[in-house]
Amino acid sequence: MKNWSLATRIVSSVLGVVTLSLLALSLAVAGFTRYEITERLDNSLQEVSERLQATIATQPHGPRDTVAWVPDVGPRTLAYQVVDQYGHVVLRSQNAPVQPFVPDIHTGFVDTPRFRVYIAAPTAAAYRVLVGEPTLHRRGATWRATAIAIVPILVFLPVIWLLVRLIVRRALRPLDRLHDEMQSRGSGNLRPIPSLDLPVELVSIQHAVNTLLARLETALSTERAFAASAAHELRNPLGALLAQVQMLGRMVPAETEAGRRVNIIADRTRRLGRTVEKLLQFSRASSGAAFRRNRFDLLTVLRVLADDLDHNLRDGGGIILNSNGISHIFVHGDMDATGIMLRNLLENALLHGRGDMSVQVTILPDGRIDVINDCPALAPDILARLTSPFVRGRTGTPGSGLGLAIASNIARQMDATVCLRSPLSKSGRGFGARITFPDPDVTRSPDEA
Amino acid sequence: MRILIVEDEHDLGAAVQEHVRLDGHAVDWFTTLEDARAAMATVDYDFMLLDLGLPDGSGRDLLRDIRRTSSNIAILITTAEDQISDRIAGLSDGADDYIVKPYDLNELVARISAVARRYAAPRRRVCYRIGEIAIDRENRSVSCDGRALDLTAREWAIMELLSRSPGRIYSRQQIDTALYALDQDVDSNTVEVFISRLRKKVGNKIIRTVRGRGYCLADGEAA
């Protein structure tokens, strides 16, 4: 759906209503003016005609078609004809036609193409007087009156538009401030909206939003606190259990039945520890922890993780980190969530890669990260489902099936992408994950720059 | 090494203390920061296993306090705080390593050795030879003319201490401290007994007695 602006809609609506109203008003005024002008001019025409009729009736007339020369006659000057009882023009002004204005002479107003004519009522005399007003004059007067009513409106319409726009924008300024504040909330910023000197109509919205933000912050904090407490409450007893079982294992010979059972308990406890770790990570990934936005160095996180995993999980290959001369990659996101994501990708590579081959972690010049391990190629349908929970690449492989789902979930929350590929080359082997963060700030080492 | 464990989870602390002690170290275990500070005021520890969530505060405070002093103790954080920010903060505050619970005791001991090696490498000879006797600090072994000698944990602890600075004289008190935790009873002639046993294995001329002052290794050469 196309977005629209409240200010534009109000301005256009108000302006539309104002314009239509003014136009309707102008048309009414123009119509009324025209009617009034016509009436006044008709009255004048009739008066002139009747006076002339009275004057003519007492005057002797000469030969037919005598032209009475009137000075200063223009295109708007009244014209008149004196017609005898046979319909012949016996006297006319120089701007009147030779023939009578109309062939049938009846008292009243008659319109011809060039004149509006009034024929006065007959008197005792044998002559009739026809006075014609040029249509041009009448039309001009009407147009001028109409223009006087409409043109100012047309001239002032842009001014009205500007004023309405200014007033609406000023009136909506508090709404803009509220909009800006609300827009900055969400990605890690759940602080309440400060006092903005809002009108009463918006204060209730601000209060509602602040209440919602407070509830959201509380909910997220509770989830984070729960995950942290759960980690403490689960890891400590598990650590104690594993340590005690291992000490028990030192007391019992491994080849005895008791020793075998102790080993089983120790293995199960280790596996339980890994499962707890994955579930805690899954809980954190699902709690929205990754929605926070802080600036941190991705490379530091990667180095600490690689160092931790390198000397813990492998006797053989380990992790080779190739930073390509890059010293820092600053990104915006949640450091802990990023740590969980990268740890899962690295653990996945170590777990499913060939034991005697290193996991290659390469920092690309644009800040993207490649995590690559050697393994048989994965079928495309399995590759497509790997980011779903509890999906494993190969049947029977160890692992919870949660690692890539956790990584993918966190990446989504941080607007990052994790692109999985297999195979990596023509040899038909290998698995790779490419992590792309939005707008990474890459700093090269001084000697590499 | 003389190791201090600060861990409030009793079942875990007890097991760790026992396991590390069996690996040949003198281990003291305390459950609070206050007790740990008191112990550090009286004993010169080489290594510390530090939990962060303790009843009377955060282990991170103790870590920062130690790093503000000239103490050269190696510190390994053992904690349930598993976030990467916790790990980075711990390492930034001066910890040498960071391990998250639940951990394997063998892995813990391996990490202790790895950190101890890092501490030893810059200032101490890793391998020292006195005549036919070779002391390999990295592999924690002593050999005579290429033949490995079977030393007990206590015997190795004395040899490890003396080989830190060959030629330096270590007092009986210092050797006592390296050998025994605070909760262990020590007889007045225990050090002499172990020195005597060591001499039977490595030879009388390897460990010299400096009358009235203590013991030191005979002159040799780094290998």
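The values are calculated or read from the model by the stated rules, or taken from the named source; none is laboratory data. Small disclaimer: the values here were computed from a predicted structure and weren't measured. Note that we place each Cβ from the backbone using ideal geometry, even for glycine, and neighbour counts take in every protein chain shown.
At a glance:
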{"item": "Test: residue A:240 is within 14 Å of chain B (Cβ to nearest Cβ), in contact with a helix residue (DSSP H, G or I) (Cβ under 9 Å, 6 or more places away or on another chain) and either acidic (Asp, Glu) or part of a loop (DSSP other than H, G, I, E, B) (or both)", "result": "no"}
{"item": "Condition check for residue B:130: in contact with a helix residue (DSSP H, G or I) (Cβ under 8 Å, 6 or more places away or on another chain), over 30 Å from residue A:276 (Cα atoms) and either modelled with pLDDT under 90 or away from every other protein chain (no Cβ under 12 Å) (or both)", "result": "no"}
{"item": "Checking residue A:140 against (1) under 55 Å from the mean Cα position of the chain (by Cα); (2) surrounded by 14 or more Cβ atoms within 10 Å (Cβ to Cβ), the condition it does not meet", "result": "(2)"}
{"item": "Residues (among the basic types (Lys, Arg) and in a helix (DSSP H, G or I)) located in region A:324-359", "result": "A:343"}
{"item": "Single residue of A:277, A:255 found to be under 20 Å from residue B:106 (Cβ atoms), surrounded by 15 or more Cβ atoms within 10 Å (Cβ to Cβ) and assigned by TED's automatic domain parsing to the domain that holds residue A:191", "result": "A:277"}
{"item": "In region B:47-71, the residues that are among the charged types (D, E, K, R) and out of contact with any Lys or Arg (no Cβ under 9 Å at 6 or more places or on another chain)", "result": "B:56, B:60, B:61, B:64, B:67, B:68"}
{"item": "Test: residue in region A:22-45 that is hydroxyl-bearing (Ser, Thr, Tyr), within 30 Å of residue A:127 (Cα to Cα) and part of a helix (DSSP H, G or I)", "result": "yes"}
{"item": "Candidates B:116, B:95, filtered to the one that is within 13 Å of chain A (Cβ to nearest Cβ), among the hydrophobic types (A, V, I, L, M, F, W, C) and not in a strand (DSSP E or B)", "result": "B:95"}
{"item": "Filter result (out of contact with any Leu (no Cβ under 7 Å at 6 or more places or on another chain), closer than 18 Å to residue B:109 by Cα and without any contact (Cβ under 8 Å) to a residue 12 or more places away in the chain) within region A:231-250", "result": "A:244, A:247, A:250"}
{"item": "Search result, residues across region B:69-88 that are within 10 Å of chain A (Cβ to nearest Cβ) and in contact (Cβ under 8 Å) with a residue 24 or more places away in the chain", "result": "B:78, B:79, B:80, B:81, B:86"}
{"item": "Residue match in region B:91-112 (condition: under 21 Å from the mean Cα position of the chain (by Cα) and basic (Lys, Arg))", "result": "yes"}
{"item": "Residue that is nearest to the other protein chains (Cβ to nearest Cβ) [pool: residues in region B:14-39 that are of a type in the set (S, T, N, Q) and either surrounded by fewer than 18 Cβ atoms within 10 Å (Cβ to Cβ) or within 14 Å of residue A:244 (Cα to Cα) (or both)]", "result": "B:17"}
{"item": "Filter pass, residue A:250 being over 56 Å from the mean Cα position of the chain (by Cα), surrounded by fewer than 19 Cβ atoms within 10 Å (Cβ to Cβ), more than 25 Å from residue B:54 (Cα to Cα) and within 14 Å of chain B (Cβ to nearest Cβ)", "result": "yes"}
{"item": "Filter result for residue B:103 (of a type in the set (Ser, Thr, Tyr) and either modelled with pLDDT of 90 or more or touching a Lys or Arg at 6+ places or on another chain (Cβ under 8 Å) (or both))", "result": "yes"}
{"item": "Residue in region B:115-126 that is modelled with pLDDT of 85 or more and in the same structural domain as residue B:18 (by TED's automatic domain parsing) present", "result": "yes"}
{"item": "Test for residue A:284: is it of a type outside the set (A, V, I, L, M), within 51 Å of the chain's Cα centre (by Cα), within 9 Å of another protein chain (Cβ to nearest Cβ) and under 16 Å from residue B:105 (Cβ atoms)", "result": "no"}
{"item": "Complete set of residues in region A:349-360 that are touching a helix residue (DSSP H, G or I) at 6+ places or on another chain (Cβ under 8 Å) and buried (at least 23 other Cβ atoms within 10 Å of the Cβ)", "result": "A:359"}
{"item": "Conditions (1) over 18 Å from residue A:344 (Cβ atoms); (2) within 39 Å of the chain's Cα centre (by Cα); (3) modelled with pLDDT of 85 or more; number of the one not met by residue A:412", "result": "(1)"}
{"item": "The listed residue being surrounded by 17 or more Cβ atoms within 10 Å (Cβ to Cβ) and more than 30 Å from residue A:415 (Cβ to Cβ), out of A:159, A:129, A:151", "result": "A:129"}
{"item": "Flag if residue B:28 is part of a strand (DSSP E or B) and under 30 Å from residue B:137 (Cβ atoms)", "result": "yes"}
{"item": "Tally of residues being out of contact with any helix residue (DSSP H, G or I) (no Cβ under 7 Å at 6 or more places or on another chain), hydroxyl-bearing (Ser, Thr, Tyr) and at pLDDT below 80 across region A:361-405", "result": "1"}
